[in-house]
Amino acid sequence: MQPSPPTLSIVIPVYNEAPNLEPLHAELTAALKALGQPYEILFVDDGSGDSSFEVLKRLSAADAHVRVIRFRRNFGQTAAFAAGFDYAQGEIIITMDADGQNDPADIPALLHKMRAGEYDVVTGWRVERKENFARRFLSKTANRLISNSTQITVHDRGCSLKAFRSEVAKQMRLYGQLHRFLPELAAIVGARVAEVPVNDRARRAGKSKYGAISRTPRVFLDLMTVFFMLTFFTSPMRLFGGAGLISTGLGLLTGGYLALAKIYHGLTGGWAGFQAYQIGNRPMLLLAVLLVIVGIQFLMMGLIGEMLVRVYYESQHKPIYTVREVLGPGG
Ligand code: UDP
Ligand code: MG
C-alpha cells in the first residue's frame, strides 16, 4: 500500500548532534503518532564532523518517515532551514532544534493556534528560559529592540520551535544568519504571525553553537538588513534620497550663509572689507562641503538602489506582491 503523502513536515537542522538524535527521534515519533496525521521528519545534516550522519542513516533506514538531507559542508542554521523548506512536502512545516531543547509535546499547541486564528506562522515563546542570565538578558533586549523597530511583536525569536504554512515558508527568502528574523521575513511576504508559550529545556548533550557575546553585533547588523527589507526594499530612493536631500540642503544652507556673509562685508566695507572677511579657513566651510558631497552620495546610492531593485524583480520575474488566495474561475 502506498503511504499517504505527509501533511506535516518537521525540519531539524543538525550540526554535530550525534548523541541527541536518537532520543529526539523517539520523543518526536511518540508525539507525532499521537496526532494521527501523516508526517515526515526532515533532518538537515549541516556538514557535521561527528557521527551524526551515520546515526541519521540508521534512523532513516529503520523509519520511513525520516528523510535526511546532507550538506557538503557547514552552511549554517539558516541554510539548513532553507533546505528543509525546499524539500518539505507537508502543508505545514515545523522547525525545531536537534538538541532536545524544544519539546515535541508543544507541537499540538502550535497547530491548534495556527488553525484557530488562520495564522501563517506560529512561533514558540519560551516563557521560562533554561539558559544563563547573560543569554536571557541579551536575548530579551534584542527581541524588544527588534519588535520596536520592525513593529512585529514577538517575544522570543531565538526559539527554533515554529510552525509555518508551507507556501509561506517556501516564499520566504533566507540569507546569511537571518533565521532569527523568521517572523519578520514571513511578514515581508504578508504572513499573519502569532506566538504560543512553549516549554524550554536544557540542551541534552554537547555545547551551543553560538556564543552570547559574539552574536550580539551580528544580530544588530542583521536587524539593519531586515529593517531595510521591511520598509524600503522596493523603494530605496525614499530612504537614501531623503537622507541625501536633507544633507545636501543643510550643506547648501551652510555654504550659502558663508557666501552671503562675505558679500555683506563687501557691501558694507567695500573691496577691503570683502577681502578682509575670510571664509576659506573656517570649519563651517568644511562642513558645508562635506554635507553637499555626502548628500550627493546618498542620492546616487538611492538611484543605484532603485536600479538594483528593478534588476532583482525583473530578471527573475518576481512579483512585487504575494497572494493569499484567489476566488472565482481560475482561482
Ligand atoms: N545548527 C546547524 N548549523 C550550524 C549551527 C547550528 O545546523 O552551523 C543547528 C544545531 O545543530 C541545532 C540548531 O541549529 O540543532 C540550533 O543550534 P544551537 O542549539 O547550538 O543554538 P542555541 O539553541 O544555543 O541558540
Ligand atoms: Mg539549541
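Here are a few things to note about the model shown:
- Subset tally (residues that are more than 10 Å from ligand 1 (Cβ to nearest atom), under 21 Å from LEU35 (Cα atoms) and open to solvent by 20 Å² or more (accessible area, probe 1.4 Å)) for segment 64-102: 5
- Residue selected from segment 214-241 under the condition without any contact (Cβ under 8 Å) to a residue 40 or more places away in the chain and aliphatic (A, V, I, L, M), by the criterion nearest to ligand 1 (Cβ to nearest atom): LEU221
- Failed criterion for ALA212 (all others in (1) at pLDDT below 95; (2) away from ligand 2 (no atom under 16 Å from the Cβ); (3) among the hydrophobic types (A, V, I, L, M, F, W, C) hold): (2)
- Here LYS140 meets each of (1) within 22 Å of PRO217 (Cβ to Cβ); (2) modelled with pLDDT under 85; (3) of a type in the set (Lys, Arg) with one exception, condition (2).
- In segment 163-193, residue farthest from PHE228 (Cα to Cα) [restricted to those that are crowded, with 20+ Cβ neighbours inside 10 Å and of a type in the set (Gly, Ala, Ser)]: ALA163
- When segment 114-161 is limited to residues that are of a type in the set (A, V, I, L, M, F, W, C) and open to solvent by 90 Å² or more (accessible area, probe 1.4 Å), the one that is nearest to GLY100 (Cα to Cα) turns out to be PHE133.
- Members of segment 293-315 that are of a type in the set (Phe, Trp, Tyr) and either closer than 12 Å to GLY242 by Cα or modelled with pLDDT of 95 or more (or both): PHE298
- For segment 160-207, filtered to residues that are without any contact (Cβ under 8 Å) to a residue 40 or more places away in the chain and in a loop (DSSP other than H, G, I, E, B), the residue that is nearest to PRO104 (Cα to Cα) is LYS207.
The values are calculated or read from the model by the stated rules, or taken from the named source; none is laboratory data. Keep in mind it's a predicted model, so treat the numbers as computed, not measured. Heads up, the Cβs are rebuilt from the backbone with ideal geometry, glycines too, and the neighbour counts pull from every protein chain shown. SASA here: full protein model, heavy atoms, side chains in, ligands and nucleic acids out. Shrake-Rupley method; radii C 1.70, N 1.55, O 1.52, S 1.80 Å.
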